[in-house]
Structure formats: structure tokens, C-alpha cells
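Trainee: This is the structure I have questions about; it appears just below.
The values are calculated or read from the model by the stated rules, or taken from the named source; none is laboratory data. For clarity, every value in this text was computed on a predicted model and none was experimentally measured. Cβ atoms come from the backbone with ideal geometry, glycine included; neighbour counts cover every protein chain shown. Side chains included, ligands, DNA and RNA excluded: accessible areas come from the protein's heavy atoms. Shrake-Rupley method; radii C 1.70, N 1.55, O 1.52, S 1.80 Å.
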Amino acid sequence: MAISTKTLCIAVIATAIAIAVLTDVYFLSRDLQTRIQTLRFNLYLIADSILACAVCMLWKYTFHGKERGILNNGTTCQNIYAVPKIIVAIHFTLVILCLPLSHFIVDTEPSTLAYALFLSLGFFFQQIVMYIFIKFVDISSRVLLKSKKDVISKLTGNVLIYVYATIAVLYGLYNVSQPPNIVQINLAIENWPKSLPGFKIVQITDIHMGQLGGKSKLVHLIDQVSTLKPDSVVITGDLVDSQVNKLWKAVEPMKNLKAPYGVYFVTGNHDYYTGDVDNWFSYLKSLGIQVNRVE
């Protein structure tokens, strides 16, 4: 008896969740770093199982029943979808491999593989957004119009999916290529010391040094901060996405971040996800940054 794609996807996700629960229970009594690494592994496992199921769903929507075409004279075409299928298969393979490989592709500067993996993942997310919209329209039309056919054909749907995803990714790439926006906020604080008029604090957040955040990006950001001539600098979490032994060279330019009243760092959730937060505290202190732990 054949198993439907939907049943198989449910089984895969359920298995991933079961494995995650069992490993969490097993490693519950271990040290903090082991627990964090286990949590990260389980999140990747569940997320990748969902991604794999979504890939199967989108593959079926894209190519189901379209492998062969018929010419006007009745002869069968060769498989005209061979090249598109190869391209889409490579794209979907990169999507599934993105999370498992993300831990191993961290370097001082982002690699070509890192860009390819995360570009494919971003493109895929946009495909899913349009796919959900198309399904919503089709289901709504069937309910409201009592029609047995989809309003949006598969051909039209696939065009919409790939055109929308392409536009969305290009727009995202354009935004990423731009320097960070500087937002100036003036605050009037009661009982502020008169000896510190016009005190300037520069806040930096969510730098995410790691797979896509490299040394050159950080150097540019520090130069931008320095031109503002801050009295104090605060880094409010999510500075890094990997361990010190992989990113210390990339983060080293932080030693050039100077301010008369000090540079401060507070942790975010991603800093804990590295499983190396204590080593990051030590390393940042060696760079002249005062650290504060947020539990």
C-alpha cells in the first residue's frame, strides 16, 4: 500500500520531535554547555525535518504530472523538464543542507558556500509564502464559489511562486548591501548630572557574527560608530552565532571600539545558543569590553 506524502511528512516530523524529547531528557542533568548544544541540535533536527517535508510538497506542486509533453503530431517529447528539475533539485538540496552545515562553515569571512546555502534558504522561505497564499486563494474560492477547480492553475502558480521569490530575495540583497541606518533619539532624563550635558550613547544590536557576518563587515561598522564620537557604547545582544575558536579573528576588531565612559556588552539569546558564552565573556573582556550576563 502506497504511503501519501502528507502521511510521510507527519511521520518524519513526529519522529524528529520524539528524538528531540528523548535527547533533551537524557542530557538534562549535564552541564550548561552540553544542554545548549543538545538544544541547538534538536532545533536543527526538527527544523530540518519540517524543511524536508516542505521541499517535498513544493517539488510535487512544481513537477507533478509534467515530466513529459505531447507534440501536436501526437509524438512524445523528450523530457523538457530535465534541466529545470536539476536546477530546482540543487536548490532544494541546498535548502535541506543549510542548517546541518551552518555549524561547519563559519570563518573569518563568509564563504561562497555559506552565501549559496542561506540564499537558497531565503529564496525557499519566500516560495513557501507565495505557495501558502495560492492555496489560501484556491481553498477560499472552492468554499465561496463552490467550484471544484482551482482558481490559480499550477502553471500560473509556479510563475507567481518563482517571480515573487526572486523579487523578494533581490530586494533583501539590496537592503543587506546598504550600510546600517543610524537613528538618533534625544532623551530628557530627570535628575541627569549637569556635568554630563549632551551625553551620547551609541547602541549596537544584532550584529550576528558568524556564517554571513565577517570581519570586513564588523570593521566597517566600527568605523561608522567611531565617526559618531560616542561617550559610551552598548552592544545589546546577539553579537555572535558561533564559538570563540571559530570567530576570534573576525571579532578581534572590537578592540578598536573606544568610548570615554566605556564599551558594554549584554547577552542575547543567540550568544547563548553558541554554547560558548563563558569563553566569549573572557575574550570580550580581553578586548576591553565590559560584559554583563542576562539570564
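Trainee: Look through Tyr261, Tyr283 and report the one residue that is among the aromatic types (Phe, Trp, Tyr), exposed (fewer than 14 other Cβ atoms within 10 Å of the Cβ), over 23 Å from the mean Cα position of the chain (by Cα) and over 22 Å from Leu117 (Cβ atoms).
Mentor: Values: Tyr283 fails: exposed (fewer than 14 other Cβ atoms within 10 Å of the Cβ).
Only one candidate passes the filter, namely Tyr261.
Trainee: Now a separate question. Please enumerate the residues belonging to the stretch 256-295 that are among the acidic types (Asp, Glu) and farther than 15 Å from Asn245 by Cβ.
Mentor: Asp271, Glu295
Trainee: Still on this structure: Just give me the residues in the stretch 148-191 being more than 25 Å from Thr62 (Cα to Cα), open to solvent by 100 Å² or more (accessible area, probe 1.4 Å) and in a loop (DSSP other than H, G, I, E, B), in sequence order.
Mentor: Asn181, Ile182, Val183, Gln184, Ile185, Asn186, Leu187, Ala188, Glu190, Asn191
Trainee: Taking Leu239 as the residue in question, decide whether it is among the hydrophobic types (A, V, I, L, M, F, W, C), under 22 Å from the mean Cα position of the chain (by Cα) and buried (at least 18 other Cβ atoms within 10 Å of the Cβ).
Mentor: When the stated conditions are applied, Leu239 passes them.
Trainee: Please specify each residue of the stretch 87-105 satisfying the condition of being modelled with pLDDT under 90 and either of a type in the set (Val, Ile, Thr) or not in a helix (DSSP H, G or I) (or both).
Mentor: Passing the criteria: His103, Phe104, Ile105.
Trainee: Quickly run through the stretch 199-218 and pick out the residues that are open to solvent by 50 Å² or more (accessible area, probe 1.4 Å), out of contact with any Lys or Arg (no Cβ under 8 Å at 6 or more places or on another chain) and outside any loop (DSSP other than H, G, I, E, B).
Mentor: Ile201, Gln203, Ser216, Lys217
Trainee: OK, next. Scanning the stretch 219-229 for residues that are assigned to a loop (DSSP other than H, G, I, E, B) and in contact with a Lys or Arg (Cβ under 8 Å, 6 or more places away or on another chain), which turns out least open to solvent (accessible area, probe 1.4 Å)?
Mentor: Of everything passing the filter in the stretch 219-229, Leu228 is least open to solvent (accessible area, probe 1.4 Å).
Trainee: So, Arg40, is that one within 28 Å of Asp138 (Cβ to Cβ) and either open to solvent by 70 Å² or more (accessible area, probe 1.4 Å) or at pLDDT below 85 (or both) or not?
Mentor: Values: within 28 Å of Asp138 (Cβ to Cβ): no; either open to solvent by 70 Å² or more (accessible area, probe 1.4 Å) or at pLDDT below 85 (or both): yes.
No, not satisfied.
Trainee: Continuing with the same structure: Of the residues that make up the stretch 105-114, is at least one over 22 Å from Leu212 (Cβ atoms), out of contact with any Leu (no Cβ under 7 Å at 6 or more places or on another chain), of a type in the set (Asp, Glu) and open to solvent by 80 Å² or more (accessible area, probe 1.4 Å)? Reasoning before the result, please.
Mentor: Going residue by residue through the stretch 105-114, those that are over 22 Å from Leu212 (Cβ atoms) are none.
No: the stretch 105-114 contains no residue that is over 22 Å from Leu212 (Cβ atoms), out of contact with any Leu (no Cβ under 7 Å at 6 or more places or on another chain), of a type in the set (Asp, Glu) and open to solvent by 80 Å² or more (accessible area, probe 1.4 Å).
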